[in-house]
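**Q** A single structure is presented below for examination.
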Amino acid sequence: MMRNRISCCCILCAMLGLILALLLFVAPNHAAAQPAKGPVSFINDVAPILQKNCFACHDAKKKKGKLEMTTFENFRKGGSKDDPVSAGKAKESLIIDVLTSKGADRMPPKDAGDALKAEQISIIARWIDEGAKLDKGLDVKADLVRELRTRWNPPQPFVSYKFPTLINAIAFTPDSKQIVVGGNHELTVWDATNGKLVRRVFTRAERAHAMLFLPDGKLVVAGGRPGQEGDVRIYDINAGKPKDFGGVPAVDGVNDKTVFLKELIQVEDSILALAISADGKKIAAGGTDRMVRVWDIATGKIEHSVENHADWILGVVFTPDGKALVTASRDKTAKVWDIAAKESLVTFPDHQNIVNNVAITPDGKFGISAGEDNSIRVWQATDGAKQIGKLSKNLGGHTKAVFRLASYADAKNPLLASCSADGTVKLWNPVAGTMLKSLPGLTDWVYAVAISKDGQLVAGGAANGEVRVWKTADGSQVSAFNATPGYSAPKTASAPKK
């Protein structure tokens with residue numbers, strides 16, 4: 001019955017400590033507090049408690065005890081027992097009995113999570129005593145998950161943070177002068193040369209997992225709230241009427257339609273990967289629902305939907321001709337897909353572990369995949385010499401899991417960047433299979449990497465909020481900053497003098 005789920009993609013498994021830190025400053029859950037004076041609202045006060053604690057076991061699929069709670073109608077039908085609510089009589093209601101029980105029949109079960117807090121049970125009891133009514137205008141058959149998602153309002157980011165923001169995604173602006181960094185319910189824009197914060201863009205999504213710029217300069221962001229919703233949205237980060245926010249211009253990317261331009265999709269869990277075709281006409285996205293969707297940018301309509309991976313999709317990239325996609329998955333495989341036919345052309349299983357990201361060589365002949373096995377593998381992606389799917393090179397160099405890849409697709413000077421739990425960003429020639437440079441300086445797991453459009457700069461973003469920018473030509477550092485507004489890293493004590 002307990003839905004105490006934080007859905008995170010495998011490349012983020014080590015962030016638990018940081019999540020605990022974030023919990024100290026994320027806005028409080030509305031359901032945890034007593035509602036204002038007046039009648040208790042089912043959809044605003046009771047349903048959020050049920051969603052967090054009950055829906056995981058009592059949804060349309062699991063129906064534990066034959067009870068489904070994701071519509072009001074089914075909730076009141078009860079399961080193997082009758083209606084769990086006796087309207088007007090909380091003390092006689094089964095749901096209150098099991099929520100307050102000290103025995104084996106307690107809900108949520110002890111092996112599923114903690115008991116509800118007294119104030120949460122009090123809200124449900126008040127609602128029952130007041131008649132257990134459904135809010136006016138809400139259909140008894142309505143999907144409560146969707147209704148709660150529609151009504152949810154994101155918290156405003158803090159002016160200054162006491163804890164660092166974990167970085168899952170970064171992107172250079174088209175002119176290579178600035179870097180956009182995914183934050184906590186916001187995107188932050190930084191000067192790539194001096195590391196100065198120049199703009200904040202508030203977002204509905206709690207986390208940005210992938211970002212890319214369209215040919216017209218608009219920014220596409222994939223992300224969401226883990227276990228709650230996922231979306232792909234398009235922004236004009238230079239639009240809107242900025243307001244001063246702690247000395248930094250900030251714009252509303254939630255409600256201002258000049259900033260937030262379009263939502264391509266909203267699903268029930270995070271979108272984790274994005275790609276754009278070489279001609280700039282299509283984008284693809286994949287995530288926790290195992291689906292890859294392809295949109296026509298001009299119309300914003302989905303042209304193709306493909307589902308074949310057995311687990312989350314963590315990476316996606318178009319082949320140079322735009323006819324196929326290469327994907328990475330938590331199911332320990334990389335695949336090549338024929339978009340139109342919706343068929344898998346190649347399955348590459350050699351990592352024997354979670355595959356975090358993928359790329360492809362500029363000629364489209366070789367797929368490149370990075371994984372939890374600490375390696376980057378190059379393999380035949382086309383049917384040349386009937387060797388399709390065969391391993392060509394194993395690029396050793398990282399000593400821990402490799403999370404992301406970024407490509408500069410110049411046929412004469414191809415460049416691949418990788419980032420890893422070993423704290424480094426590395427540059428490679430993906431065709432020759434040789435490492436060009438190893439870029440140190442970051443002090444935590446590096447989850448995000450990007451190469452500027454002109455190929456002259458590379459940036460890495462780490463779990464502790466650190467960002468480093470280097471020149472690709474000689475590996476010299478351009479800038480270093482922590483992409484957490486207002487945050488000051490604690491000073492390390494100097495060693496005592498002997």
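**Q** Output yes when any residue across the range 438-460 is out of contact with any Pro (no Cβ under 8 Å at 6 or more places or on another chain), without any contact (Cβ under 8 Å) to a residue 24 or more places away in the chain and of a type in the set (A, V, I, L, M, F, W, C), and no when none is. Break it down into steps so the answer makes sense when it comes.
**A** Just the residues of the range 438-460 that are out of contact with any Pro (no Cβ under 8 Å at 6 or more places or on another chain), to begin with: 438-452, 454-460.
Then drop every residue that is not without any contact (Cβ under 8 Å) to a residue 24 or more places away in the chain, which leaves 440, 443-444.
Add one more test, that the residue is of a type in the set (A, V, I, L, M, F, W, C), and what stays is none.
No, every residue in the range 438-460 fails to be out of contact with any Pro (no Cβ under 8 Å at 6 or more places or on another chain), without any contact (Cβ under 8 Å) to a residue 24 or more places away in the chain and of a type in the set (A, V, I, L, M, F, W, C).
**Q** Can you tell me which residue in the range 217-233 is farthest from I167 (Cα to Cα), limited to those that are among the small types (G, A, S) and outside any loop (DSSP other than H, G, I, E, B)?
**A** In the first step, residues of the range 217-233 are kept if they are among the small types (G, A, S); the result is 217, 222-224, 227, 230.
After this cut, where a residue has to be outside any loop (DSSP other than H, G, I, E, B) as well, the list is 222-224, 230.
On the way: A222: 14, G223: 12, G224: 14, G230: 17 Å.
Once the filter is applied, the top-ranked residue is G230.
**Q** Right, something else. Of G423, G389, which residue is open to solvent by less than 30 Å² (accessible area, probe 1.4 Å), part of a loop (DSSP other than H, G, I, E, B) and in contact with a Pro (Cβ under 8 Å, 6 or more places away or on another chain)?
**A** On the way: G389 fails: in contact with a Pro (Cβ under 8 Å, 6 or more places away or on another chain).
None of the other options fit; the residue is G423.
**Q** Still on this structure: Please give the strands (runs of 3 or more DSSP E) falling wholly within the range 239-302 in which 1 or more residues are open to solvent by less than 60 Å² (accessible area, probe 1.4 Å), modelled with pLDDT under 95 and on the phi < 0 side of the Ramachandran plot. Break it down into steps so the answer makes sense when it comes.
**A** Values: elements: 243-245, 248-252, 260-267, 271-276, 282-287, 291-296.
Once the strands (runs of 3 or more DSSP E) in the range 239-302 are filtered for at least 1 residues that are open to solvent by less than 60 Å² (accessible area, probe 1.4 Å), modelled with pLDDT under 95 and on the phi < 0 side of the Ramachandran plot, what remains is 260-267.
**Q** Does at least one position in the range 484-497 carry a residue that is touching a residue at least 24 places away in the same chain (Cβ under 8 Å) and within 23 Å of L314 (Cβ to Cβ)? Even if it seems obvious, please write down each step before you answer.
**A** From the range 484-497, those touching a residue at least 24 places away in the same chain (Cβ under 8 Å) are 484-487, 489; that's our starting set.
Those left that are additionally within 23 Å of L314 (Cβ to Cβ): none.
Within the range 484-497, not a single residue is touching a residue at least 24 places away in the same chain (Cβ under 8 Å) and within 23 Å of L314 (Cβ to Cβ).
**Q** Here's another thing I want to ask about it. Among K400, K412, which is in a loop (DSSP other than H, G, I, E, B), surrounded by fewer than 18 Cβ atoms within 10 Å (Cβ to Cβ) and at pLDDT 95 or above? Quick ask: steps written out before the conclusion?
**A** Details: K412 fails: at pLDDT 95 or above.
Residue meeting the stated conditions: K400.
**Q** Out of the residues in the range 342-352 that are part of a loop (DSSP other than H, G, I, E, B) and open to solvent by 50 Å² or more (accessible area, probe 1.4 Å), which is modelled with the lowest pLDDT?
**A** Here is the first cut: in the range 342-352, the residues part of a loop (DSSP other than H, G, I, E, B) are 342, 349-352.
Cutting the leftovers down to open to solvent by 50 Å² or more (accessible area, probe 1.4 Å) gives us 342, 349-350, 352.
Numbers: K342: 89, P349: 96, D350: 96, Q352: 96.
By that ranking, first place goes to K342.
**Q** Can you pull out the residues in the range 77-95 that are closer than 24 Å to K136 by Cα and either touching a residue at least 12 places away in the same chain (Cβ under 8 Å) or in contact with a helix residue (DSSP H, G or I) (Cβ under 9 Å, 6 or more places away or on another chain) (or both)? Full working, then the answer.
**A** Initial filter on the range 77-95 (closer than 24 Å to K136 by Cα): 77-78, 83-90, 93, 95.
Scanning the range 77-95 gives G78, D83, P84, V85, S86, A87, G88, K89, A90, S93, I95.
One line per residue, one yes/no per condition, for (1) under 23 Å from the mean Cα position of the chain (by Cα); (2) open to solvent by 20 Å² or more (accessible area, probe 1.4 Å); (3) closer than 17 Å to N168 by Cα:
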{"residue": "G371", "(1), (2), (3)": "yes, no, yes"}
{"residue": "N374", "(1), (2), (3)": "yes, yes, no"}
{"residue": "W379", "(1), (2), (3)": "no, no, no"}
{"residue": "W428", "(1), (2), (3)": "no, no, no"}
{"residue": "T443", "(1), (2), (3)": "yes, yes, yes"}
{"residue": "V446", "(1), (2), (3)": "yes, no, yes"}
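**Q** Look through V316, V294 and report the one residue that is touching a residue at least 40 places away in the same chain (Cβ under 8 Å) and under 18 Å from V346 (Cα atoms).
**A** Values: V294 fails: under 18 Å from V346 (Cα atoms).
Only one candidate passes the filter, namely V316.
The values are calculated or read from the model by the stated rules, or taken from the named source; none is laboratory data. Everything quoted here is computed from the prediction, not taken from an experiment. Glycine gets a Cβ as well: all are built from the backbone with ideal geometry, and neighbour counts include every protein chain shown. What goes into the accessible areas is simple: the full protein's heavy atoms, side chains included, and nothing from ligands, DNA or RNA. Shrake-Rupley method; radii C 1.70, N 1.55, O 1.52, S 1.80 Å.
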